[in-house]
Amino acid sequence: SEDQSNSAGAYSSIDNKLEAALPLLRAAADGYPSLPAGVVARYQSAALLVTLGRVEEALRDFEAVAEIDPDGVYGNMARLGRAEALLSNGDYEQAIVVLEAETASSAVDIPVDAVLMRLGVAYRLADQKEEAIATYTRLLNEFPASQYRFDAENELDVLSGGG
């Protein structure tokens, strides 16, 4: 019992631990699909799936959360999570569509400056330099006190050939 690595409940890697958590989250999500606990469990399941590189499954879970809780915090976070999953999967054009829709959203819980920052990144990754420049410029103009200000300025400097 001195050797903790072989004890019951020990995991050989973080991925194994995350894989072990998935069925528990899915059970809660499926058992209580429209209750807050089920919505949170499905969102957490989607986030875990992205971490594990299982993007297609994550996209389905994020979509389900966004449908169940369209105007709630988790619905908003799920739409942004979907965009991040698409970016991680190299689906830049689809991520751009999702992020552009969120910048036009009137949802109070959506930090538009954060969405603009990610949208700029998506444009840059998709080799859409002019759109990236316009997005970072919009962030700086509309949110001069944003915590993303310096990141946006750095991105603009790099895109304009200054760095």
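By the scheme Lys and Arg +1, Asp and Glu -1, what is the net charge of all other residues having a beta-carbon under 14 Å from that of ARG26?
Surrounding charge for ARG26 is -1.
For a distance above 28 Å, tell me the whole-number percent of Cα pairs in the chain that qualify. List each step's numbers first, then the result.
Values: 4556 of 13203 pairs.
Result for the distance tail: 35 percent.
Okay, helix-only estimate at 222 nm for the chain: each DSSP H run of n ≥ 4 adds -39500 (n - 2.57), divide by all residues, round to 500 deg cm²/dmol; what do you get? Intermediate values should be presented prior to the final figure.
Numbers: 8 runs with 115 residues, N = 163.
When only DSSP H runs of four or more count, the value is -23000 deg cm²/dmol.
Please turn the phi angles of the stretch 33-45 into ³J(HN,Hα) values with the Karplus equation 6.51 cos²θ - 1.76 cosθ + 1.60 (θ = phi - 60°), one per residue in order, whole Hz, x for glycine and proline.
The phi angles translate into x, 9, 7, x, 4, x, 5, 5, 4, 5, 4, 5, 4 Hz.
Using only the C-alpha atoms of the stretch 7-93, find the volume of their convex hull and express it per residue in Å³.
85
Going toward the positive end of the dipole of the stretch 14-163, with +1 on Lys and Arg Cβ and -1 on Asp and Glu Cβ, which of ASN89, ALA145, GLY53 do you reach last?
Among ASN89, ALA145, GLY53, the one farthest towards the positive end of the dipole of the stretch 14-163 is GLY53.
Nothing charged except the Cβ atoms of Lys and Arg (+1) and of Asp and Glu (-1): what's the magnitude of the dipole of the stretch 32-126 about its Cα centre? Round to the nearest 20 debye.
The dipole magnitude comes to about 200 debye.
Ordered by residue, what ³J(HN,Hα) values in Hz, to whole numbers, does the stretch 126-134 give under the Karplus form 6.51 cos²θ - 1.76 cosθ + 1.60, where θ = phi - 60° and Gly and Pro are x?
These are the phi-based 3J(HN,Hα) values: 8, 6, 10, 4, 4, 5, 4, 4, 4 Hz.
Taking the Cα-to-Cβ direction at ARG54 and at GLU93 and moving 7 Å from each Cα, how far apart do the two end points lie in nm?
A separation of 2.9 nm, rounded to one decimal place.
Could you order SER45, SER160, SER105 by accessible surface area, starting with the largest, using a probe radius of 1.4 Å?
In descending accessible area the options line up as SER160, SER105, SER45.
State the Cα centre-to-centre distance between the stretch 7-72 and the stretch 76-144 in whole Å.
Value for the Cα centre distance between the two parts: 24 Å.
Using θ = phi - 60° and the Karplus form 6.51 cos²θ - 1.76 cosθ + 1.60, what ³J(HN,Hα) does each residue of the stretch 137-144 get, whole Hz, x for Gly and Pro?
Result, ordered by residue: 5, 4, 4, 5, 6, 7, 9, x Hz.
Sequence gap at least 6, Cα distance under 8 Å: using those rules, report the relative contact order of the chain to the nearest whole percent.
On the way: 181 pairs, mean separation 18.1, N = 163.
Computed value for the chain: 11 percent relative contact order.
When the dipole is taken about the Cα centre of the chain, and only Lys, Arg (+1) and Asp, Glu (-1) are charged at their Cβ, what size is it in debye, to the nearest 20?
Using Cβ point charges on Lys, Arg, Asp and Glu, the chain gives about 160 debye.
The values are calculated or read from the model by the stated rules, or taken from the named source; none is laboratory data. In this text the structure is predicted, and so the values were computed from the model without any measurement. Every residue, glycine as well, gets a Cβ built from its backbone with ideal geometry; the counts of neighbours run over all protein chains shown. Surface areas here come from the heavy atoms of the whole protein model, side chains and all, with no ligands, DNA or RNA. Shrake-Rupley method; radii C 1.70, N 1.55, O 1.52, S 1.80 Å.
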